[in-house]
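Asker: Sharing a structure below in structure tokens format, with a few things to ask.
The values are calculated or read from the model by the stated rules, or taken from the named source; none is laboratory data. Everything quoted here is computed from the prediction, not taken from an experiment. Because the Cβ atoms are built from the backbone with ideal geometry, glycine has one as well, and the counts that use them run over all protein chains shown.
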Amino acid sequence: MAHTQRALLAALLLLAGGCGRHAEPARDPMRTAAGAYERAWPVMGTMLHVTVWDEEESEAAVIAQAVRAEVALLDSLLSNYRDDSDVSRVNAAAGSGAWVAVSPMTVEALGAALAFAEATGGAFDPTVGPVVDVWGFYREEGAMPSASAIDSARALTGWQLVEMDRSPPRVRLPRAGMRLDFGAIGKGFAVSRTLEVARDRGAERIMVDVGGNIGVSGSAPGGGDWRLGLRHPRLPELPFAIIDVARGALATSGDYERYFEHGGVRYAHIIDPRTGWPVQGVASVSVLAPDGTASDGLSTSLFVLGVERGCAFIEALPGVAAVWVRAPEQPNDPVRVVVGGPEAGRVELLAEADVRRCGDAAR
Ligand code: FAD
Ligand code: MG
């Protein structure tokens, strides 16, 4: 096994917080099941939905509030959209030579992000922010940048340059203009953390949805596995696949959340750090993994790695299944799907599609 994969496996094991499981924005019927206490709040530029199954509504309410507080705490630490977050303070000090004291939680999240960067050979890069910025994806008004603007932004990236100490927890970026971006892993990290918090408070069955990263703890209502839906990247109202989840977490990265079109080509917010250009050819990647951080990190990683390299990458990762949907070349092209990973057997396609398995000769 390659050194990089060993590093990721170690990261997965370290991060696995138990039985978090999550799905993409599919409307989950479990959420309306009898006896469920349900709350929703805006957070991290999206919505947090919490559903707690508990006989005592007052206890369920306390657990839901604890989940909300944890996500709010992580938002206050990891957000690029708040000037006072740990991440924004680190970014503002980039190039000054000064270390920035941060929360142990920020260091934990950054450690996970850097582990993904190492394991993927930089396909996942939490320092890709200057490039995301130059394409306009922070402002939700993307526009085609010049080649020189892309090059200048790329010169400010490089996960190997990040300096981080765990004790005392502190971070330093060596070049002015560098920035950390937790967009690809922060919501999944929040799913992992909130399930831990909920379990610590006695929750036996809970579902947490942070902007489409859905984690569950305990067996599904009625017992047994959870059946989590994946939404179709082009027809959001259509659940196009179901993943049967006994244990783990599910996340999706897609080209349909933040994108713009130029000359008939779709440019979306996931960047190939090697080129500085948005990844082409993939519409979405959904990943089942042992916990929220792992599935969020992997969904973005496998989006960048693509089918061939991605299949090889997850082949030996325990608890992992991935579903790639290729971007259609023409609007009426058949949906082309590739399913892989040791847990691939848990994926059930509902919509008509050309389905391949990782390892099939002709892809
Ligand atoms: P994912 O695939 O999980 O992540 C894609 C994102 O990761 C991109 O948008 C980019 O930021 C980054 N990225 C791109 N390429 C790479 C790469 N190769 N390696 C690593 N990272 C990459 N949005 C708002 O509009 N307002 C807010 O106030 C706001 N607050 C947020 C606070 C937090 C703590 C977090 C985690 C996110 C917040 N967001 C906010 C959303 C954020 O900007 C992203 O849009 C979102 O996280 C993308 O998630 P995703 O699941 O769609 O895609
Ligand atoms: Mg992600």
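Asker: Do you know which residues across region 313-323 are farther than 17 Å from P273 by Cβ and within 15 Å of ligand 1 (Cβ to nearest atom)?
Answerer: A322, V323
Asker: Before we move on, is R231 surrounded by fewer than 22 Cβ atoms within 10 Å (Cβ to Cβ), under 27 Å from P342 (Cα atoms), of a type outside the set (A, V, I, L, M, F, W, C) and at pLDDT below 95?
Answerer: It is false that R231 is surrounded by fewer than 22 Cβ atoms within 10 Å (Cβ to Cβ), under 27 Å from P342 (Cα atoms), of a type outside the set (A, V, I, L, M, F, W, C) and at pLDDT below 95.
Asker: Oh, and also: List the number of the failed condition for G215; all other conditions in (1) farther than 23 Å from T127 by Cα; (2) out of contact with any Gly (no Cβ under 9 Å at 6 or more places or on another chain); (3) surrounded by 24 or more Cβ atoms within 10 Å (Cβ to Cβ) hold.
Answerer: (2)
Asker: Taking the condition of being touching a residue at least 24 places away in the same chain (Cβ under 8 Å), farther than 23 Å from N332 by Cβ and not in a loop (DSSP other than H, G, I, E, B), how many residues in region 227-251 meet it?
Answerer: Total satisfying the criteria: 9.
Conditions (1) more than 22 Å from D272 (Cα to Cα); (2) within 19 Å of the chain's Cα centre (by Cα); (3) within 14 Å of ligand 1 (Cβ to nearest atom), marked per residue:
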{"residue": "R172", "(1), (2), (3)": "yes, no, no"}
{"residue": "R175", "(1), (2), (3)": "no, no, no"}
{"residue": "R179", "(1), (2), (3)": "no, yes, yes"}
{"residue": "F182", "(1), (2), (3)": "no, yes, yes"}
{"residue": "K187", "(1), (2), (3)": "no, yes, yes"}
{"residue": "T194", "(1), (2), (3)": "yes, yes, yes"}
{"residue": "A198", "(1), (2), (3)": "yes, no, no"}
{"residue": "M207", "(1), (2), (3)": "yes, yes, no"}
{"residue": "V210", "(1), (2), (3)": "yes, yes, yes"}
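Asker: Right, G142: crowded, with 19+ Cβ neighbours inside 10 Å and within 9 Å of ligand 1 (Cβ to nearest atom) or not?
Answerer: Judged against the criteria, G142 is not a match.
Asker: Another question, then. Conditions first: (1) away from ligand 2 (no atom under 16 Å from the Cβ); (2) at pLDDT 95 or above. G319 passes all but one, so which condition is the exception?
Answerer: Just one mismatch for G319, condition (2).
Asker: Looking at region 114-224, what helices (runs of 4 or more DSSP H) fall wholly within it and have at least 2 residues that are modelled with pLDDT of 95 or more and more than 30 Å from D54 (Cα to Cα)?
Answerer: Output list reads 129-134, 147-154.
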